[in-house]
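Structure record follows, encoded as structure tokens.
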Amino acid sequence: MKIGNVEINGHVILGPMAGVTTLAYRDFCKPFGVALSYSEMISDCGLAYGNQKTMRYFVTSKEDRPVGLQLFGSDIEMTLKAIDIIEQEADYDILDINLGCPVHKVVQTGAGSAWLKDPEGLGVYMKKVVEHSHKPVTAKIRLGWDENSINFEEICKVLVDAGVSMITIHARTSRQLYMGVADYEALRGLGDRLPVPLCISGDIFSVEAAMKAVEITKAQLVMVARGSLGNPRLITNIERAMNGEELLPEATLEDQVAWAEDFSKRLLAQLGERDAIMQLRGLIPHFFKGFPGYKKIRAAISMNIKTYDDLQKIFNGIKNRSHL
């Protein structure tokens, strides 16, 4: 399958998650079958004003390919400046524009899902983005602003007319945030009607959910985001299911410890111990959800670790207990 001129080998896309999809996380997930990954959401203003923290969001690697960088913004001149910066400074394959983020601090600037309320203005904005970018442009949207303004069909037409190469739809409204359940039924058959690939997003926490979403929406691609946290084999098994292959067995506790160690070391190398530990406190407990002693493990990690040695001691304790 191609997204613009970029060939992707597979059906599973790793979705952008603020504070999660660092280069370390993307590199960690890639071997599990990620066909395309996206960076954390990047502020066009942050890039245009040279914010150093923002700059680190677009770091990529040779292993993390193909990769998309996701921008959000509301002022076209600022967005075009940001595109110029990443085209000069970053090594990437696809530019994604976030038109679905429901978070207040993003929406209040007119960015993210606020664009869903202005289809006409969005068409002008996206046409200029597509014309300016030397990379294929994709977009992520939601069903609409709220239940009284479900307008994804109109928005999709606007995006296709502007020249985007793929559309991802999170099957909730902006007002729902991440509450309730994803409404795949609202998108029934959409993948067959769109002239560009459709990627389905929202509540993809199991192979069954992924296959149901694809069956209903006829999407060609599945975006895994929160469902990948601590469960990278989900990516593998969705890809296998999409190909009609036998699923791999559930991961063992030994598998989970090994993966948690691998990811931790990658993040440590990328961010340094202080910043990495801050993120690992929230991310590593996901690897042990559903296993005996999860609550104690979560408490120990989220409250007690200050250095990587502290975390390694917890890993060693889990390993020793797993052999009892």
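The values are calculated or read from the model by the stated rules, or taken from the named source; none is laboratory data. It should be emphasised that the depicted structure is a prediction, and the values quoted were computed from it without experimental measurement. Cβ placement follows ideal geometry from the backbone for every residue including glycine, while neighbour counts extend to all protein chains displayed. Areas reflect the complete protein model, heavy atoms only, side chains present, ligands, DNA and RNA absent. Shrake-Rupley method; radii C 1.70, N 1.55, O 1.52, S 1.80 Å.
Checked against (1) closer than 25 Å to Glu245 by Cα; (2) at pLDDT below 95; (3) not in a loop (DSSP other than H, G, I, E, B), Asp64 meets all criteria but (3).
Take residues that are modelled with pLDDT under 95 and tell me which of the helices (runs of 4 or more DSSP H) falling wholly in the stretch 1-57 contain 2 or more. Spell out the reasoning first.
Working: elements: 23-29, 44-48, 52-55.
Here the list reads 44-48, 52-55.
Within the stretch 295-317, residues that are of a type in the set (Gly, Ala, Ser) reach partners that are open to solvent by less than 40 Å² (accessible area, probe 1.4 Å) with beta carbons closer than 6 Å, at six or more positions or on different chains, in the pairs Ala300/Ile314.
Looking only at residues that are free of Cβ contacts under 8 Å to residues at least 40 places away in the same chain and more than 21 Å from the chain's Cα centre (by Cα) in the stretch 131-149, which one is most open to solvent (accessible area, probe 1.4 Å)?
In the first step, residues of the stretch 131-149 are kept if they are free of Cβ contacts under 8 Å to residues at least 40 places away in the same chain; the result is 131, 144-149.
Imposing the further condition that a residue be more than 21 Å from the chain's Cα centre (by Cα) reduces the set to 131, 146-149.
Numbers: Glu131: 124, Asp146: 34, Glu147: 153, Asn148: 137, Ser149: 43 Å².
Filtering first and then ranking leaves Glu147.
So for the stretch 41-50 (the condition being of a type outside the set (Asp, Glu) and within 14 Å of the chain's Cα centre (by Cα)), does at least one residue qualify? Yes, because at least one residue in the stretch 41-50 is of a type outside the set (Asp, Glu) and within 14 Å of the chain's Cα centre (by Cα).
All of Leu253, Leu248 fail the test of being without any contact (Cβ under 8 Å) to a residue 60 or more places away in the chain, over 19 Å from Ala18 (Cα atoms) and in contact with a Lys or Arg (Cβ under 9 Å, 6 or more places away or on another chain), apart from Leu248. All conditions but one from (1) of a type outside the set (A, V, I, L, M); (2) crowded, with 18+ Cβ neighbours inside 10 Å; (3) in contact with a Pro (Cβ under 7 Å, 6 or more places away or on another chain) apply to Glu154; the one that does not is (2).
Search the stretch 47-67 for residues being in contact with a Lys or Arg (Cβ under 9 Å, 6 or more places away or on another chain) and under 23 Å from Thr109 (Cα atoms), and hand back the single one that is surrounded by the most Cβ atoms within 10 Å (Cβ to Cβ).
Here is the first cut: in the stretch 47-67, the ones in contact with a Lys or Arg (Cβ under 9 Å, 6 or more places away or on another chain) are 47-48, 60-61, 63-65, 67.
Still in the running and under 23 Å from Thr109 (Cα atoms): 47-48.
Values: Leu47: 26, Ala48: 19.
Result: Leu47.
Within the stretch 210-223, is even one residue basic (Lys, Arg), open to solvent by 10 Å² or more (accessible area, probe 1.4 Å), in contact (Cβ under 8 Å) with a residue 12 or more places away in the chain and farther than 19 Å from Glu120 by Cα? Yes, some residue in the stretch 210-223 is basic (Lys, Arg), open to solvent by 10 Å² or more (accessible area, probe 1.4 Å), in contact (Cβ under 8 Å) with a residue 12 or more places away in the chain and farther than 19 Å from Glu120 by Cα. Listed conditions (1) part of a helix (DSSP H, G or I); (2) within 26 Å of Met55 (Cβ to Cβ) are all met by Ile238, apart from (2). Here is the figure for the stretch 224-244: residues that are in contact with a Phe, Trp or Tyr (Cβ under 7 Å, 6 or more places away or on another chain) and either within 30 Å of Asp161 (Cβ to Cβ) or touching a residue at least 60 places away in the same chain (Cβ under 8 Å) (or both) total 4.
Which one of Leu80, Leu122, Leu116 is within 20 Å of the chain's Cα centre (by Cα), over 23 Å from Leu36 (Cβ atoms) and surrounded by 16 or more Cβ atoms within 10 Å (Cβ to Cβ)?
When all the criteria are applied, what remains is Leu116.
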